[in-house]
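Below: one structure, written as C-alpha cells.
Read the figures in this text as sums done on the coordinates, not as results from a lab. These numbers come from a predicted model, not from an experiment. A quick note on method: Cβ atoms are made from the backbone with ideal geometry, for glycine too, and the neighbour counts reach across all protein chains shown.
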Amino acid sequence: MNKPGEQVFLEGKSVVLMPLGRADASAEYLAWLNDPEVLRYRGAKAYPTTFAQLESWIDSLPARGDLVLAIRTRENRRHIGNISLNTILWSHRSAELSIMIGAKEAWGKGYGTEAIMLLTAHAFSAMGLHRLWAESPNPAFNAAMKKLDWVHEGIKREAFLLDGTFVAFECWSLLQPEWRSGKGRLK
C-alpha cells in the first residue's frame, strides 16, 4: 500500500503518521494554507502562501529539530493534515504539540484525536520526554484535549483575535507519569 520511499512511522486504527517530505507539497496542501476556514484558529494570514514557500518550509524541517509528521488515513494514505512536536527542549525533556487537520471533510471524524494519542505515546515512551504542552483557541482542539484527559493549566486571556474579538487560548499539558497512569488515552 505504501509507495516507494514512504515509511509509516506510527500506526493507529484509522490514521498513520509518516515523515512529512517534499512529496507532500501538493496543490491540496497549498489550498489548506490559503483557506481562511482552515486557518481560522491558526492566526491571521496577511499574505498568501506560495508553492515555493511550502516547499522551502518542508525543506527546512530537518534543520529545525522539530518532529513533523503527515497525518494520513490508514485506508487510502490520503494526507489530511500534520502533527508535530515543536520547541523540543531536550534539557527539560519537554515539547509543544501542535496539529492541523487541513482536509475539511476529515474534520470531526476523530483523526486528530487519534493522531494526538499516537504522538503522545511516542513522545513519552520512545523519546523519553517528561512534559508535553499545547495551547489553542480552537474549540474542536480543546474538546479533544479534554476528551483525552490532558490537564487544563489555564488560559491566556485575550491572546487571539478572532473575527474582530479577542478570545483566550486554552492551555493544556500532560506529564509522562500521568500518561503512564492512563491519561492521554480515550476512555
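All other residues whose Cβ lies under 15 angstrom from that of Lys109 are scored, Lys and Arg at +1 and Asp and Glu at -1, for a net of +3. In plain terms, the chain is cut at each of the GluC sites (Glu not before Pro) found in a DSSP loop with at most 16 other Cβ atoms within 10 Å, and the longest leftover piece is 76-187. Annotation for Arg93 and Ala23: the two label points, set 7 Å from Cα along the Cα-Cβ direction, are 3.6 nm apart. Once the Cα-Cα distance is subtracted from the 0.36 nm per residue extended length, the Ala126 to Lys146 segment shows a gain of 4.8 nm.
Cα gyration tensor of segment 145-187, axes a ≥ b ≥ c as square roots of the eigenvalues: rounded (a/c below 1.5), prolate (a/b > b/c) or oblate? It is prolate, given that a/c is not under 1.5 and a/b is the larger ratio. At an R0 of 30 angstrom, the distance between the Cβ atoms of Ser181 and Arg74 translates into a FRET efficiency of 0.60.
Could you work out how much longer the chain between Phe51 and Phe166 gets when fully extended? Use 0.36 nm per residue separation minus the Cα distance between them, nm to one decimal. Write out the running numbers ahead of the final one.
Numbers: separation 115, 0.36 × 115 = 41.40 nm, distance 3.12 nm.
Extra length available between Phe51 and Phe166 comes to 38.3 nm.
Considering only C-alpha atoms, what is the centroid distance from segment 157-175 to segment 42-106, in Å? Result: 20 Å between the Cα centres.
Using only C-alpha atoms and all pairs of different ones, pull out the Kirkwood radius for segment 107-187 in Å with one decimal. Provide the component values of the computation, followed by the final result.
On the way: mean 1/r = 0.0753 Å⁻¹.
In segment 107-187 this quantity evaluates to 13.3 Å.
Each of Arg93, Arg40 was scored by other Cβ atoms within 10 Å of its Cβ. Arranged with the fewest first, they read Arg40, Arg93. Each Lys or Arg adds one and each Asp or Glu takes one away; over the other residues whose Cβ falls under 14 Å from the Cβ of Gly128, this sums to +3. Report P(r) for segment 1-140: all Cα-Cα distances, bin width 10 Å, range 0 to the bin holding the largest distance, values in whole percent. The percentages, shortest bin first, are 11, 41, 39, 9.
Summarising the label geometry, the points placed 7 Å from Cα in the beta-carbon direction at Glu153 and Arg42 lie 2.3 nm from one another. Of the residues Ile116, Ile58, the one with the fewest other Cβ atoms within 10 Å heads the list, and the complete ranking is Ile58, Ile116.
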